[in-house]
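Everything on this sheet refers to the single structure shown next.
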Amino acid sequence: MSEQDKKISGTCGSDHRCCRGMGILLAVLILGGGLSYIGYSIKMTPTANPKHDRFVEVKTSVEQEVKADAVIWRIPFQNTGNDLKIIHEKFVKDRDTIVAFLKDKGFKEEEISIGAPRITDQFVRKEYGDNNGNSTVRDDTRYVVYSRVKLTTENVNGVIASEKDLDQLVKKDIMIPNEGSLHEANPKYFLHDTLKIEQGVMDEALNKAKELAKQVAENMGVKLGELRFIKQDQAVQILGQNHEEYGQRLKGPIKVAKISGKFTFNIH
């Protein structure tokens, strides 16, 4: 075989066992009862320069479920009627009831904030009138006063447990907008310590890549050397942080951290 043919065929031009063992290996591993998915697509790419430099390239993808460490829970409420004074009294009562509900659940006062009331006079809104300009709103629902109590906390488990008891507020005659409305009372779960999560996923990807690359090297009869470089397909993704982009499952406290890339190791 000529030197030009060797370059085209990818052989190293010598009798190294690594060249005779060149190929592609695919392995899939499920860990932690399905909590992590690790897929390996390993391509061994032995090359030979004048110094017979050789390496193994490992393509690794890791997906790992992680639990949110922070949550924002906005509980909306509204009051309607014709007398603003009476509405305000009911507004204050409902606000204090919601705050007391959260404190009884173990949340701290500094984690709770109150939204300013927003008042709508439905008699002056055109969408509530007929073709003659007459209001179609009932006489006893002219004014709508809306507000919300906001909870910002790292007590994720507390929110998960408390959300199930939200009907206690309804039983106390507090009007909470229906699910699916613009101001639905659903907690928003987030990961604040993303750096720790990203590092953990990267470490797992590197360890699994190294483990499998070592197995490949042993099958080839060579020794695995040091890590040469890492080429990530993209930065570590944490799916579910943006609640508008992902399905209902990822809107909850469980997110998915994902990474994929190529890990290149020297072989001797």
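The values are calculated or read from the model by the stated rules, or taken from the named source; none is laboratory data. Owing to the predicted nature of the structure, the values given are computational and were not obtained by experimental measurement. Note that each Cβ is placed from the backbone with ideal geometry, even for glycine, and that neighbours are counted across all protein chains shown. Areas reflect the complete protein model, heavy atoms only, side chains present, ligands, DNA and RNA absent. Shrake-Rupley method; radii C 1.70, N 1.55, O 1.52, S 1.80 Å.
Data for the structure
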quantity	calculated
Positions within the range 210-234 being without any contact (Cβ under 8 Å) to a residue 12 or more places away in the chain and more than 12 Å from residue 56 (Cβ to Cβ), in sequence order	211
Those residues of the range 180-235 which are in a strand (DSSP E or B) and either under 26 Å from residue 258 (Cα atoms) or open to solvent by 50 Å² or more (accessible area, probe 1.4 Å) (or both), in sequence order	188, 189, 190, 226, 227, 228, 229, 230, 231, 232
Those residues of the range 62-90 which are more than 17 Å from the chain's Cα centre (by Cα) and assigned to a strand (DSSP E or B), in sequence order	74, 75, 76, 77, 78, 79, 80, 81
Residue within the range 91-105 that is under 19 Å from residue 188 (Cβ atoms) and not in a helix (DSSP H, G or I) present	yes
Subset of the range 170-189 that is more than 20 Å from residue 116 (Cβ to Cβ) and at pLDDT 90 or above - its residue that is nearest to the chain's Cα centre (by Cα)	189
Test: residue in the range 237-254 that is open to solvent by 40 Å² or more (accessible area, probe 1.4 Å), at pLDDT 90 or above and more than 24 Å from residue 67 (Cα to Cα)	no
Where residue 167 falls short, out of the listed (1) without any contact (Cβ under 8 Å) to a residue 24 or more places away in the chain; (2) touching a His at 6+ places or on another chain (Cβ under 8 Å)	(2)
Residue within the range 144-159 that is more than 17 Å from residue 176 (Cβ to Cβ), more than 36 Å from the chain's Cα centre (by Cα) and either modelled with pLDDT under 90 or open to solvent by 70 Å² or more (accessible area, probe 1.4 Å) (or both) present	no
Among residues of the range 85-119, those that are open to solvent by 90 Å² or more (accessible area, probe 1.4 Å), among the hydrophobic types (A, V, I, L, M, F, W, C) and in contact with a helix residue (DSSP H, G or I) (Cβ under 8 Å, 6 or more places away or on another chain), counted	1
